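To start, the structure itself, in structure tokens.
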Amino acid sequence: MAVVQFSEEKLNKVKEIIARYPEGKQKSALIPVLHLAQEAFGGWLSAETMDYVATLLQLQSIEVYEVATFYSMFNLKPVGTYLFEVCQTGPCMVSGSDQIIDYIKNKLGIGVGETTADGLFTLKTVECLGACGYAPMMQLGKHYREHLTPAKVDEIIAECRSKANAN
Amino acid sequence: MGRKLLLDKAHIEGIRYYDTYRSNGGYAAAEKALKTLGPDGVLDEVKKSGLRGRGGAGFPTGLKWSFIAKPEGVPRYLVCNADESEPGTFKDRYLMEFIPHLLIEGLLISSFALGANSCYIYIRGEYAWIPDILEQAIAEAKNKGWLGKNIQGTGFDLEIYVQRGAGAYICGEETALIESLEGKRGNPRIKPPFPAVKGLWQSPTVVNNVETLAAVVPIINIGGDEYIKYGTGKSTGTKLISACGNINKPGVYEIEMNISVEEFIYSDEYCGGIKNNKRLKACIPGGSSVPVLPANLLLKTAKGETRMMTYESLADGGFATGSMLGSGGFIVMDEDQCIVRNTLTFARFYHHESCGQCSPCREGTGWMKKVLQNIEYGKGKMSDIDLLWDIQRKIEGNTICPLGDAAAWPVAAAIRHFRDEFEWHVANPQESQTRNFGLAHYADPLPAPTPAAV
């Protein structure tokens, strides 16, 4: 297991975040720093990562665990390189999200919450992401992919595969 | 064309950036507020404007501001609620993405009025690309002397920070949002004390929605007296409506609160009618928490009056025959949509999003989801419908925060107005797996109200 340690750049970012709050209120930095940690350490939060964040912010580990387990964006187990988070709430459902989810399942041969054998893709269903007018949709990394159709899903999968091959 | 106050300049190329925003009249309201009106003058204009919270509750903003405690030597905070998580709602996203300076200017004026020197924008974590846009706007404003120390030589200091959430609907509730901003789980607090007295880090805090704070800019520009000439009655000004579902033109529309629901759905200026020439079956006019209405009650009130896009008209008839304007998340369903399935997705949503503090909500939302699943998948019993009704009754009003009510209302309204669709599902377990109940009688004209006997 590699040592969990932020780069110099990320450590500066942590300092910058802590400076947003009054003296002694660095606990407020917890959620932003967990986002940074998830990004830096493989897209999920291991116990080691959470302990590291606790040390950085001078918190008890339990204070970090209880927050990490509350918020749905924090992944507590490893995920694929490309995480498809497909919205399934009412407005997306009336616009055909069920069919899109089924299409992705068949196309990738995985169920919801599963990762493809090559470790590239994970499918997750999520609740409303605030893109109801552009449904069906999914989040992929930092951005939204909207107005999904089977053809668009094919394009996205191909795009991810070619990115993975390039690396 | 309806008059606009928030998005009137949204189409201008480059309006996202300071120079374009400024050269199109931007920061004029801030200048007026800081140099002419003063904090009390701003508060007066906001009170006069009749502005009501645009996040969903519709509470008068000026009144909320006037509650803020002002003990000596204690900092005050303004927190901008950009958590926008109510299904059907995506208006604040549009505002922040396209005219971020409108929000920054609104935050500056509002912080000035409240005497807050630090302001936090709490934005839902999934809007991961928007903080960059906001932070750029903040940097530009700071560079031009609208943020930082001694703003425009007035002696007023303000810093604005952007804080991302991490996926929790409950953090749109103001005390849960404050907890989250303090680095904790989003568990709503028991009130009182209200945030205006003890909020962020136990200091006096005002939490307002993005659209509410942006609306302060036109209010200061044109004055509260002029603002109330927009809209109708107690629904003053304009409102952003995010329209979605089975319509031709989903998107974010700014409406003056004086148009009918029918015009909003069918006119080309707005939703452009139902997609594929289908017929309208039902609509949730104000975000998933507000009662769903069948077509016939949506377009006309039970009294036979035209239903308008205002706080009062949408609520006309109470929950028996009305709904709410809520957050403006306008979800339209055509004749092919299944109310049971739609209600199930919302029940699943609230179960997923319950923070778990209060037993009625934590347990009840899960039970409602399970019972609805049984009905939807052909395993329901007739008694399940009454059971659902009973569960929602026991959640409503029995929780610390309004999420319990928000979970109960959609289920209650679905049963109230679409009971025969639920019964059809139970009575036809196999058929209901292959086809929908359809439009049925839900768009039929309502019987004319009979005058009460004298």
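The values are calculated or read from the model by the stated rules, or taken from the named source; none is laboratory data. Note that the structure is predicted; figures quoted are calculated from it, not measured. Because the Cβ atoms are built from the backbone with ideal geometry, glycine has one as well, and the counts that use them run over all protein chains shown. Accessible surface is based on the protein model in full, side chains and every heavy atom, while ligands, DNA and RNA are left aside. Shrake-Rupley method; radii C 1.70, N 1.55, O 1.52, S 1.80 Å.
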In segment A:56-72, the residues that are without any contact (Cβ under 8 Å) to a residue 40 or more places away in the chain, open to solvent by 30 Å² or more (accessible area, probe 1.4 Å) and closer than 27 Å to A:Leu120 by Cβ: A:Thr69
Residue tally, condition outside any strand (DSSP E or B) and over 17 Å from B:Thr343 (Cα atoms), over segment B:268-298: 14
Hits in segment B:224-279 - residues which are within 14 Å of chain A (Cβ to nearest Cβ), surrounded by fewer than 18 Cβ atoms within 10 Å (Cβ to Cβ) and in contact with a Gly (Cβ under 8 Å, 6 or more places away or on another chain): B:Asn248, B:Lys249, B:Gly251
Qualifying residue in segment A:35-49 (condition: within 12 Å of chain B (Cβ to nearest Cβ), in contact with a strand residue (DSSP E or B) (Cβ under 7 Å, 6 or more places away or on another chain) and buried (at least 16 other Cβ atoms within 10 Å of the Cβ)): yes
Pairs with Cβ under 8 Å, 6+ apart, first in segment A:11-35 and under 16 Å from B:Tyr122 (Cβ atoms), second part of a helix (DSSP H, G or I) and of a type in the set (Ser, Thr, Tyr): A:Arg20/A:Ser28; A:Tyr21/A:Ser28; A:Ile31/B:Ser180
Subset of segment B:12-24 [open to solvent by 40 Å² or more (accessible area, probe 1.4 Å) and not hydrophobic (A, V, I, L, M, F, W, C)]: B:Glu13, B:Arg16, B:Tyr17, B:Asp19, B:Arg22, B:Ser23, B:Asn24
Evaluation of B:Tyr77 against (1) in contact (Cβ under 8 Å) with a residue 24 or more places away in the chain; (2) open to solvent by 20 Å² or more (accessible area, probe 1.4 Å); (3) more than 25 Å from B:Asn221 (Cβ to Cβ) (one fails), failing number: (2)
Residue list for segment B:92-115, filter: touching a Gly at 6+ places or on another chain (Cβ under 7 Å) and open to solvent by 10 Å² or more (accessible area, probe 1.4 Å): B:Arg93
Some residue of segment A:122-143 being more than 8 Å from chain B (Cβ to nearest Cβ), open to solvent by 30 Å² or more (accessible area, probe 1.4 Å) and over 30 Å from B:Gly329 (Cα atoms): no
For B:Glu376: the one exception among (1) more than 14 Å from chain A (Cβ to nearest Cβ); (2) under 25 Å from A:Ser97 (Cβ atoms); (3) surrounded by 19 or more Cβ atoms within 10 Å (Cβ to Cβ): (1)
Members of segment B:154-197 found to be over 25 Å from B:Phe59 (Cβ atoms) and among the polar types (S, T, N, Q), listed by number: B:Thr154
Residue among A:Leu45, A:Leu36, A:Leu30 that is among the aliphatic types (A, V, I, L, M), within 20 Å of A:Tyr65 (Cα to Cα) and not in a helix (DSSP H, G or I): A:Leu45
Number of the exception - B:Arg3 against (1) assigned by TED's automatic domain parsing to the domain that holds B:Ile130; (2) in contact (Cβ under 8 Å) with a residue 60 or more places away in the chain; (3) in contact with an Asp or Glu (Cβ under 9 Å, 6 or more places away or on another chain): (1)
Number of the condition not met by B:Leu181 [criteria: (1) over 20 Å from the mean Cα position of the chain (by Cα); (2) away from chain A (no Cβ under 12 Å); (3) surrounded by 17 or more Cβ atoms within 10 Å (Cβ to Cβ); (4) in contact (Cβ under 8 Å) with a residue 60 or more places away in the chain]: (2)
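Of the residues B:Met324, B:Met333, which single one is in contact with a strand residue (DSSP E or B) (Cβ under 9 Å, 6 or more places away or on another chain) and either surrounded by fewer than 21 Cβ atoms within 10 Å (Cβ to Cβ) or farther than 26 Å from A:Ser95 by Cα (or both)?
Checking each option against the conditions leaves just B:Met324.
Based on this model, can you work out whether B:Gly366 counts as outside the structural domain of B:Lys278 (by TED's automatic domain parsing) and either within 20 Å of the chain's Cα centre (by Cα) or not in a helix (DSSP H, G or I) (or both)?
So B:Gly366 does not fit the description; no.
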Count of segment B:379-400 residues which are open to solvent by 80 Å² or more (accessible area, probe 1.4 Å), outside any helix (DSSP H, G or I) and more than 20 Å from B:Cys338 (Cα to Cα): 1
Output for segment B:299-314, where each listed residue is surrounded by 20 or more Cβ atoms within 10 Å (Cβ to Cβ) and within 19 Å of the chain's Cα centre (by Cα): B:Met308, B:Met309, B:Thr310, B:Tyr311, B:Ser313, B:Leu314
Where a residue in segment B:149-167 is of a type in the set (Ser, Thr, Tyr) and its partner, wherever it lies, is surrounded by 12 or more Cβ atoms within 10 Å (Cβ to Cβ), with Cβ under 6 Å and at least six apart: B:Thr154/B:Leu34; B:Tyr161/A:Arg20; B:Tyr161/B:Tyr120
